[in-house]
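A.B. asks: Take this structure, written in structure tokens, and hold onto it; I'll ask about it next.
The values are calculated or read from the model by the stated rules, or taken from the named source; none is laboratory data. Here the structure is a predicted model, which means the values were calculated and not measured. No Cβ is skipped: glycine too gets one built from the backbone with ideal geometry, and neighbour counts run over all protein chains shown. The accessibility values were calculated without ligands, DNA or RNA, using every heavy atom of the protein model including side chains. Shrake-Rupley method; radii C 1.70, N 1.55, O 1.52, S 1.80 Å.
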Amino acid sequence: MSPLAEIVAITAVCVVSGCLGSLLGLGGGTFVVPILTLAFGLDMRLAIGASVISVVAGSAAASPRYLDEGFANLRIAVTLEVATVSGAVAGALLAGYLSARALYTIFGIMLAFSAVQMLRNRRERASTVVPDDRIADALSLHGTGTGTAAGTAVRDVRPYRVTRTATGLTMMTAAGAVSGLLGIGSGAMKVPAMDLAMRLPIKVSTATSNLMIGVTGAASAVVYLQRGDVVPALAGAVALGTVAGAHLGSRLLAVVPEGALRAIFLVVLLVVSVQMLLRGLA
């Protein structure tokens, strides 16, 4: 395959990965890294460098729509981002000292862990009482279930109360470290943290995660740029495809049923985690 044909193929594939990443709140990097390494045979560090750029681009493309329609909770995103950015910088610095095999293995383990946790808690808990949380009350993190622009009800999202904010902050620090270490948006950890620990609806979790991963990715991108792990042509192709896919994914979130969204999330995490674990342990 010629270099031009390879760039075109990467861009096309990243349209699909960007759509899934935006829809599931995972960030396109969750799919970009396996695609570039397993399908195109690129070096792990170059794939991560391009992935970091795509994460920022995809988040910027989808976030405005999520905010306008009321899916993303801006107050929660800002609160949790303090923890994720600090973790992302630390993870990016550490990545330069780990082997590609170790990165593959860590990537697979984190995705498998997230899938198991979501599977164990797959049933909705709308009837259970959400414990009060002083931090959430003080910061007004609770959601109304309405769009911020039109004030209309958001599909599949009821008014909700946020709980265990401190636990969420701790998990977001770890998620940020994974993001910087692996070049992904770490939505694979952010979504379960908000869905399981903080008890947010799945659509709010995925949309808010998508809003956050752009900032987290930008924090770690600086380190990868300085280290020379970002190839402009590759990063540009990946970002272009991811942006196009993210626009599509942001439109699909409003119409995809909540149960189907959770099922897709689980399947994607399990498939990718198995692929990366096999590569890391080979």
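A.B. asks: Evaluate the following for ARG75: is it open to solvent by 50 Å² or more (accessible area, probe 1.4 Å), of a type outside the set (Asp, Glu) and modelled with pLDDT under 90?
C.D. replies: Values: open to solvent by 50 Å² or more (accessible area, probe 1.4 Å): yes; of a type outside the set (Asp, Glu): yes; modelled with pLDDT under 90: no.
No; evaluated as a whole, the condition is false for this residue.
A.B. asks: Would you be able to tell me the number of residues in the stretch 214-257 that are within 14 Å of SER59 (Cα to Cα) and open to solvent by 30 Å² or more (accessible area, probe 1.4 Å)?
C.D. replies: Of the residues in the stretch 214-257, 8 are within 14 Å of SER59 (Cα to Cα) and open to solvent by 30 Å² or more (accessible area, probe 1.4 Å).
A.B. asks: Could you go through the stretch 98-115 and let me know if any residue there is in contact with a Phe, Trp or Tyr (Cβ under 7 Å, 6 or more places away or on another chain) and open to solvent by 20 Å² or more (accessible area, probe 1.4 Å).
C.D. replies: First, the residues of the stretch 98-115 that are in contact with a Phe, Trp or Tyr (Cβ under 7 Å, 6 or more places away or on another chain): none.
No, the conditions are met nowhere in the stretch 98-115.
A.B. asks: Checking LEU119 against (1) within 19 Å of the chain's Cα centre (by Cα); (2) at pLDDT 75 or above: exactly one of these is not met. Which one?
C.D. replies: LEU119 satisfies every listed condition except (2).
A.B. asks: Given the conditions (1) modelled with pLDDT of 80 or more; (2) surrounded by 13 or more Cβ atoms within 10 Å (Cβ to Cβ); (3) out of contact with any Phe, Trp or Tyr (no Cβ under 9 Å at 6 or more places or on another chain), and given that PRO131 satisfies all but one, which numbered condition is not satisfied?
C.D. replies: (2)
A.B. asks: Could you go through the stretch 62-81 and let me know if any residue there is closer than 30 Å to ALA166 by Cβ, among the basic types (Lys, Arg), assigned to a helix (DSSP H, G or I) and touching a helix residue (DSSP H, G or I) at 6+ places or on another chain (Cβ under 7 Å).
C.D. replies: Yes, the stretch 62-81 has at least one match.
A.B. asks: Could you check how many residues of the stretch 258-282 are within 15 Å of PRO34 (Cβ to Cβ) and buried (at least 20 other Cβ atoms within 10 Å of the Cβ)?
C.D. replies: 5
A.B. asks: What do you reckon, is GLY168 modelled with pLDDT under 75 and open to solvent by less than 10 Å² (accessible area, probe 1.4 Å)?
C.D. replies: Working: modelled with pLDDT under 75: no; open to solvent by less than 10 Å² (accessible area, probe 1.4 Å): yes.
Spelling it out, it is not the case that GLY168 is modelled with pLDDT under 75 and open to solvent by less than 10 Å² (accessible area, probe 1.4 Å).
A.B. asks: Right, something else. Which one of these does VAL271 not meet: (1) without any contact (Cβ under 8 Å) to a residue 60 or more places away in the chain; (2) within 19 Å of ALA50 (Cβ to Cβ)?
C.D. replies: Result: VAL271 fails condition (2) only.
A.B. asks: Just to be sure I understand, how many residues within the stretch 144-161 are modelled with pLDDT of 75 or more and within 21 Å of the chain's Cα centre (by Cα)?
C.D. replies: Final tally of qualifying residues: 1.
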